[in-house]
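Taken together, the values in this text are just the output of simple stated rules run on the coordinates, not laboratory data. Every value quoted in this text rests on a predicted model; they were computed, and no experiment measured them. Virtual Cβ from ideal backbone geometry, glycine too; neighbours counted across all protein chains shown.
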Amino acid sequence: MTPREETIAVGPTRVEVLIGGAGDPLLVLHGAGGNRGWLRWMDAVAERHTIYAPTHPGFGRSDAADWMEGIDDLARFYLWFLDVMGLSRVHLLGHSIGGWTAAEMATMRPDVLDRLVLVAPTGLKPERGEILDIFYYPPEELFPLTVFDATTIPERERLFGRRPTPDEAEIALRNREMTARLTWKPYMFNPRLPHFLPRVTAPTLLLWGREDRIVPVVCGEQYRRLLPNATLRVLERCGHMPLVEQPDRFAELVLDFLRGGPA
Amino acid sequence: MKLYYFSEMPHHEYPDAEGDKYPSLRLAFPNTFFSPEIAQRNYQRYLDEYDAADQAGFDGLMINEHHSTPSCVNVSANMTAGILARTTRNAKLLILGNILPIQDNPVQMAEQVAMADLISGGRVLSGFVRGVGVESWWANTNPIHNRERFEECHDLIIKCWTTPGPFRWEGKHYHFRHVNPWCLPLQKPHPPIWVPGTASPETAVWAGRMGYTYVPFLVSFEVARELFDFYRQGAAEAGRTVTEDKLGFLICAVTADTKARALEAGRHFVWRMGPTLRGPAEYFSPVGMRSRAASRFALKARSVSLSKMSYEELVESYYIVAGTPDEVVERFARVRRELGIGHLLLEAQESRMDHATTMRSIDLMGKSVIPAMARI
């Protein structure tokens, strides 16, 4: 399907939003790599849900927000976004730093949340191991660490199959800069978040790739213990990007869960 | 033209092949190769050489600071300034410089520089730098904030030196309830400020606007002239006239009794140009540290990496000057003609350049080169 593109002003900050599908609203928050557009998994999920996929401030072609200092700012921003869009209750799905943002939003306003899907979210300090320092690596070295096996990605050609244009390279740099602004220190976690997660009673699905080399699976265990109503599903032969590495399986799990399946 | 002696206090006493195994000597090369015994001797040696440079008549002694690298184990420019303030008599102490963006307490920095200025009898030249990216990693300071923190840290230090306390500072990055340093510089209104540059047009413009002395480090004449143009642009905006006293330049230099010996000694500088600058771009310029304009300028300025140049090319291009005193005078004079500068900073030491060679170079500079350059 073809989504529509809108520019939404949240206060003075305008963000680009992809909107598509029909049904209960699902807000999708992207990871550090930016908004990769309308993805294959979205086609399946959009048959039952209206997907709102904004590009974070400072990312892509959304307005800058140099005043932001952390993911909690982004979380407050998206709660405001929901007000602007007139969405009083949504399902919320976030990947990586988008997952961390979703978790923060859930702790701030549990009432706006129907069901929560966190895909390999950052946000917690791993009990064992470390979250990979993505800023230490040139992007071309980072990509192979991000996925389990790039050759099996169905959308590989469209997403990663050619050299970026100058515009795309500029956007990639912008995405990286804004990620640094939001996550530099403490790197990729909020030491206060674990103390608030027990507030989130919404059914939560935690999805992780067994071979995630960016955010250790142990973080999934930690989220599962801290969230009162959460289930952790670990996908085999999958890295940090289940949404594109296994889009069909991913869509199926998300649809089942949002349909009211067990958390 | 004034000459400054500079030792980066390296710790090059390890097998080079070991360093080659790591992506960079900075950040990545394990400190298991750091030898406290060797460092103890080296510090004494480097400080003795600074003392000798003072006695030889150098106009200034330049001190810098780096972290997590064998290329420079001077980990506190202000600590070294405090030592040299006490052991030297005449030379200016050019701290070039304190790395402002990674400081969490600018008030303490203002106090430390003031104390060195007091102990030295007002000989401090206070350089402020943004630092290479390695320092941001070392301090874990968000590189996105590098320029903002540089400017705010600078503003607070200057206010410490020029505004009677107590006062309150609530900035974006720095917050202090009570600023009232009981240690103020001897020089009024404050020690002269110096700023180095390698690639950032914004820094050059800013330094010009502020009227600070500006010194490009290890760049070609062409790039230095472009940076000086940015500096002049900033100066013009502020209605300032640029005199040669506001412009400096840094190169590596050694002299000896014969050309052959000098060229042999100068070869040691190749390590500093190559291996110590090797590493992923992310180490030296982490995300957000450079503006788009600075990135474009850096790409142009470093179209040929120093590490790719042969020793002969480095000498030919004036990154390294090595020769008899007469030859060195001639080449320094050429630098001055090319750039119209008032200060020439000489990185004049490398740990594998032995003490005797270093001391002979300092001695010959004092006897022949410094007097000759003073006349130019």
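Points to keep in mind about this one:
- Residue B:264 paired with residue B:175, simple spin-label distance in nm, labels 7 Å along Cα-to-beta-carbon: 6.1 nm
- Working note: Karplus 6.51/-1.76/1.60 with θ = phi - 60° gives the stretch B:235-244 the couplings 4, 5, 4, 8, x, 9, 9, 9, 9, 5 Hz, where Gly and Pro are set to x.
- Across the stretch B:250-266, rounded Karplus estimates of 3J(HN,Hα) from the backbone phi angles (6.51 cos²θ - 1.76 cosθ + 1.60, θ = phi - 60°) give 10, 9, 9, 8, 8, 10, 8, 5, 10, 4, 4, 5, 5, 5, 5, 5, x Hz, Gly and Pro being marked x.
- The chymotrypsin sites (Phe, Trp or Tyr not before Pro) of the stretch B:41-111 include none that DSSP puts in a loop with a beta carbon having at most 12 other beta carbons within 10 Å.
- The relative contact order of the stretch B:2-87, computed from alpha carbon pairs under 8 Å that lie at least 6 residues apart in sequence, is 44 percent.
- Relative contact order (%) - the stretch B:225-376, alpha-carbon pairs under 8 angstrom, separation at least six: 42 percent
- Placing unit charges on each Cβ (+1 for Lys and Arg, -1 for Asp and Glu) gives the stretch B:139-229 a dipole about its Cα centre, and among B:206, B:144, B:185 the Cα reaching farthest toward its positive end belongs to B:185.
- Each DSSP beta bridge with both residues in the protein assembly as shown is either parallel or antiparallel, and the antiparallel ones are about 20%.
- Anisotropy class assigned to the stretch B:242-376 is oblate, per the alpha carbon gyration tensor with a/c at or over the 1.5 cut-off and a/b no larger than b/c.
- Note on residue B:376 and residue B:307: with the Förster distance fixed at 56 Å, the Cβ-Cβ geometry gives a FRET efficiency of about 0.95.
- Estimated Rh, chain A: Kirkwood, alpha-carbon pairs, angstrom: 18.1 Å
- Near residue B:102: Cβ cut-off under 11 Å, other residues only, Lys/Arg at +1 and Asp/Glu at -1. The net charge is -1.
- FRET efficiency for the residue A:114 to residue B:22 pair, using the beta carbon distance and R₀ = 45 Å, is estimated at 0.35.
- Taking all Cα pairs closer than 8 Å and separated by 6 or more residues, the relative contact order of chain A comes to 21 percent.
- Phi to ³J(HN,Hα) by Karplus 6.51 cos²θ - 1.76 cosθ + 1.60 over the stretch A:13-26, Hz, x for Gly, Pro: 9, 9, 10, 7, 9, 9, 10, x, x, 8, x, 3, x, 10
- With contributions of -39500 (n - 2.57) from each DSSP H run of at least four residues, the per-residue ellipticity at 222 nm computed over the protein assembly as shown stands at -12000 deg cm²/dmol.
- Once backbone amide H atoms are built at 1.01 Å from N, residue A:117 has A:92, A:93, A:94, A:205 as its partners under 5 Å, excluding neighbours fewer than 5 places away on the same chain.
- Between residue B:368 and residue B:159, the FRET efficiency from the beta-carbon distance, with R0 = 56 Å, is close to 0.80.
- Principal axis extents of the Cα atoms in the stretch B:1-126, from largest to smallest and rounded to whole angstrom, are 46, 36, 29.
- The share of Cα pairs per 10 Å bin across the protein assembly as shown, counted from zero up to the longest distance, runs 3, 15, 23, 21, 15, 13, 8, 3, 0 percent.
- Between residue A:249 and residue A:9, the simple label model (points 7 Å from Cα in the Cβ direction) yields a spacing of 4.6 nm.
- The mean count of C-beta atoms from other chains within 10 Å of the C-beta of residues in A:173-179, rounded to a whole number, is 3.
- Here the stretch B:183-215 is scanned for amide nitrogen atoms under 19 Å from the site 7 Å beyond the Cα of residue B:241 along Cα-to-Cβ, giving B:208-214.
- Within straight-line cross-link reach of residue B:246, lysines at Cα separation under 27 Å, skipping those fewer than 8 residues along the same chain: B:2, B:92, B:159, B:188, B:300, B:367
- Within chain A, percent of DSSP bridges classed antiparallel, to nearest 5: 35 percent
- Amide H contacts for residue B:214 (H built 1.01 Å from N in the peptide plane; partners 5 or more residues away or on another chain; cut-off under 5 Å): B:195, B:247, B:248.
- Considering only the stretch A:13-155, percent of DSSP beta bridges that pair antiparallel, nearest 5: 30 percent
- Simple rule: put +1 on each Lys or Arg Cβ and -1 on each Asp or Glu Cβ in chain A, find the dipole, and look at A:45, A:260, A:134; the Cα lying farthest toward the positive end is A:260.
- Virtual paramagnetic centre 7 Å along Cα→Cβ of residue B:229, amide N under 17 Å, in the stretch B:275-309: B:293-303
- Placing pseudo-labels 7 Å out from each Cα toward the beta carbon at residue B:183 and residue A:163 gives an inter-label distance of 5.4 nm.
- In a simple Cβ point-charge model (Lys, Arg +1; Asp, Glu -1; nothing else charged), chain B has a dipole of about 800 debye relative to its Cα centre.
- Equivalent ellipsoid semi-axes - Cα gyration tensor, the stretch A:182-234, angstrom: 19, 17, 7
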